[in-house]
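The values are calculated or read from the model by the stated rules, or taken from the named source; none is laboratory data. Since the structure is predicted, the reported quantities are computational estimates derived from the model, not experimental observations. Here the Cβ positions follow ideal geometry from the backbone for every residue, glycine too, while neighbour counts run over all protein chains shown. Ligands, DNA and RNA are stripped out before the accessible areas are found, and what is left, the full protein with its side chains, is counted by its heavy atoms. Shrake-Rupley method; radii C 1.70, N 1.55, O 1.52, S 1.80 Å.
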Amino acid sequence: MKEYIIATNNKHKVEEISLALGDSIKLVTLRELGHKKDIPETSDTLKGNAQQKAQYIYTKFGKDCFADDTGLEVEALNGEPGVYSARYAGDRCSFEENIDKLLEEMTGKTNRKASFKTVICLIEDGKEFYFEGECKGSITTERYGKKGFGYDPVFIPNGYGESFAEMNLGEKNKISHRGLAVENLVKHLLKK
Ligand code: IMP
């Protein structure tokens, strides 16, 4: 079975991606490798950050790996927080602080349209491959649900009556930005 390092320390992401990959591919986590440090992500694009994270881990461990980067683009905020979604409320801020800031910025805005975008960079034998996924939806005016992570409680995907944080992981994966990007990654990995 082929093995890939998943270049993230976010346990929710590992869980989501493992579920989507099924039993066909073995994922090695950074935790299993004893790597606890943050991976640098200093680019101003999702693609650049995904590449930077994947290259960092590939250089360090010399094994096939992939990394993803995700951003929430809100139309009424000119695409913010976008690539800065993790640090929207400041360096080292919590998911809760980011949501508070987003809801505050969105106060009184009638256009609630938003979109989650994910880019995955896979490095296999030193070669880079990219996979993308997008999920369109809208920003709520308050939190709904306790599952998931990040902005999940305030994002309702188009065509659904509940937020990502009210869905179980299987449901979220089927339609989410990362789920769709992982689907494209899996198609590539299973071609071999
Ligand atoms: P990352 O750089 O890919 O970890 O994503 C940046 C930020 O986007 C995270 O810190 C979360 O706040 C948010 N984010 C990423 N993926 C999701 C998701 O699936 N649901 C909600 N928020 C997410």
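Yes/no per residue for (1) touching a Gly at 6+ places or on another chain (Cβ under 8 Å); (2) open to solvent by 20 Å² or more (accessible area, probe 1.4 Å); (3) over 30 Å from G108 (Cβ atoms):
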residue: K26; (1), (2), (3): no, yes, yes
residue: Q55; (1), (2), (3): no, yes, yes
residue: D68; (1), (2), (3): no, no, yes
residue: G71; (1), (2), (3): yes, no, no
residue: G82; (1), (2), (3): yes, no, no
residue: R87; (1), (2), (3): no, yes, no
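When restricted to residues that are surrounded by 16 or more Cβ atoms within 10 Å (Cβ to Cβ) and in contact with a strand residue (DSSP E or B) (Cβ under 8 Å, 6 or more places away or on another chain), region 106-129 contains 12. So in region 74-89, with the set limited to residues that are in contact with a helix residue (DSSP H, G or I) (Cβ under 7 Å, 6 or more places away or on another chain) and in a loop (DSSP other than H, G, I, E, B), which one is farthest from G145 (Cα to Cα)? So, considering only residues that are in contact with a helix residue (DSSP H, G or I) (Cβ under 7 Å, 6 or more places away or on another chain) and in a loop (DSSP other than H, G, I, E, B), the one farthest from G145 (Cα to Cα) is V83.
Residues that are among the β-branched types (V, I, T) and open to solvent by 10 Å² or more (accessible area, probe 1.4 Å) within region 150-192 comprise I156, I175, V186, listed in sequence order. Evaluated against (1) more than 18 Å from the chain's Cα centre (by Cα); (2) small (G, A, S); (3) over 20 Å from K174 (Cβ atoms), S24 falls short on exactly one condition, (3). Being farther than 22 Å from L21 by Cα, open to solvent by less than 80 Å² (accessible area, probe 1.4 Å) and touching a residue at least 40 places away in the same chain (Cβ under 8 Å) is the filter here, so list the residues in region 130-149 that pass it. I139 - this is the single residue of region 130-149 that is farther than 22 Å from L21 by Cα, open to solvent by less than 80 Å² (accessible area, probe 1.4 Å) and touching a residue at least 40 places away in the same chain (Cβ under 8 Å). Of the strands (runs of 3 or more DSSP E) lying entirely inside region 91-192, those containing at least 2 residues that are more than 11 Å from the ligand (Cβ to nearest atom) are 113-124, 127-139.
Restricting attention to region 32-50, the residues that are farther than 18 Å from T70 by Cβ and surrounded by 13 or more Cβ atoms within 10 Å (Cβ to Cβ) add up to 2. When residues in region 1-24 are screened for being open to solvent by 40 Å² or more (accessible area, probe 1.4 Å) and either within 16 Å of the ligand (Cβ to nearest atom) or closer than 19 Å to D69 by Cα (or both), 7 of them pass. Within region 30-64, restricting attention to residues that are among the polar types (S, T, N, Q) and away from the ligand (no atom under 15 Å from the Cβ), the residue that is nearest to L189 (Cα to Cα) is Q55.
In the condition set (1) over 22 Å from K47 (Cα atoms); (2) out of contact with any Ser or Thr (no Cβ under 8 Å at 6 or more places or on another chain); (3) not basic (K, R), F164 is compliant with all but (2).
Is it fair to say F66 is under 17 Å from F129 (Cβ atoms) and either in contact (Cβ under 8 Å) with a residue 60 or more places away in the chain or not in a loop (DSSP other than H, G, I, E, B) (or both)? Yes; evaluated as a whole, the condition is true for this residue. Every test in (1) of a type outside the set (S, T, N, Q); (2) more than 12 Å from the ligand (Cβ to nearest atom); (3) touching a helix residue (DSSP H, G or I) at 6+ places or on another chain (Cβ under 9 Å) is passed by G71 save one, and that test is (2).
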